[in-house]
Amino acid sequence: MKKADRVKAILAALDAQYPYEDKCYLNYSAPYELLFATILSAQCTDDRVNIVTAQLFVKYPTLEAFARADLAEMEQDVKPTGFFRNKAKSLVFCAQALLHNHGGQLPSSIDELTKLPGVGRKTANVVRCHIFGLPSVVVDTHVKRISARLGLTKNDDPTKIEFDLMKILPKNHWIRYNHQIIAFGREICKAPNAKCHLCFITNLCPAYKSS
């Protein structure tokens, strides 16, 4: 089977198994809260981030409150998410940059978003997907792992994987693919041990055929 045909078959199977819904696993009520939650989610589970932000967003109820926060205190507030010193700086400095450079509003362009402290392409694309509804490929741990297993990329660098997927996935599947792969990765294609006996696309998976 040609790669293009295999991609179509994979997407059709994902659509059948996981009808698309605009689901975000991080809790937020304001656009900047999603940005901050995503920054905190680096090397941390969404569930743990949601526990931390439940208190964090009450303690700092506005962007201005984040911008004025004491760094040492913020470090303690976000410590359970790991890498807390860098993450604390990112939240405080990002809040300041949003207020000083963007009038307190999130920019929508990938270039402007990635200029913000602590914001990489993954974080920027999460914001573009959920806040602005813009077609974007989010490369998280599930997308990275499963795209490689499915033979959709040979790269290990998230940015290169993002561009690989942008080339082979229809644009109207970019957001959908990420949501479906997260669900698939949590239920079946787990790390390190995939539940291949439950998988509905083993016939399309090079990793399964070579195992």
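Take every pair of alpha-carbon atoms less than 8 Å apart whose residues are at least six positions apart; their mean separation over the length of the stretch 124-176 yields a relative contact order of 36 percent. This ranking places MET74, MET1 by how few other beta-carbon atoms lie within 10 Å of each, fewest first, which gives MET1, MET74.
Expressed per residue, the C-alpha convex hull volume of the stretch 31-130 stands at 83 Å³.
Computed from the C-beta positions of GLU64 and ASP22, the FRET efficiency with R₀ = 41 Å rounds to 0.90.
Each residue of the stretch 46-52 is assigned a 3J(HN,Hα), and the resulting list reads 4, 4, 5, 4, 5, 5, 5 Hz, derived from the Karplus form 6.51 cos²θ - 1.76 cosθ + 1.60 (θ = phi - 60°), x at Gly and Pro. Estimated from the Cβ-Cβ distance and a Förster radius of 35 angstrom, the FRET efficiency linking LYS2 and SER108 is about 0.45. Taking other C-beta atoms within 10 Å as the exposure proxy, GLU73, GLU187, GLU162 rank GLU73, GLU187, GLU162 from fewest upward. Karplus-based coupling profile of the stretch 24-40, in residue order and whole Hz: 10, 7, 9, 8, 6, 10, 10, x, 5, 5, 5, 4, 5, 4, 5, 4, 5, with θ = phi - 60° in 6.51 cos²θ - 1.76 cosθ + 1.60 and x standing for Gly or Pro.
The length gained by stretching the chain between ARG186 and ALA97 to full extension, at 0.36 nm per residue less their Cα-Cα distance, is 28.6 nm. For the chain, the Cα gyration tensor yields ellipsoid semi-axes of 34, 18, 14 Å (square root of five times each eigenvalue, largest first, whole Å). Listed by Cβ neighbour count within 10 Å, with the fewest neighbours leading, LEU14, LEU35, LEU198 appear as LEU198, LEU14, LEU35.
Values quoted throughout were computed directly from the atomic coordinates according to the rules given, and no laboratory measurement underlies them. Keep in mind it's a predicted model, so treat the numbers as computed, not measured. Positions of Cβ are backbone-derived with ideal geometry, glycine not excepted, and every protein chain shown enters the neighbour counts.
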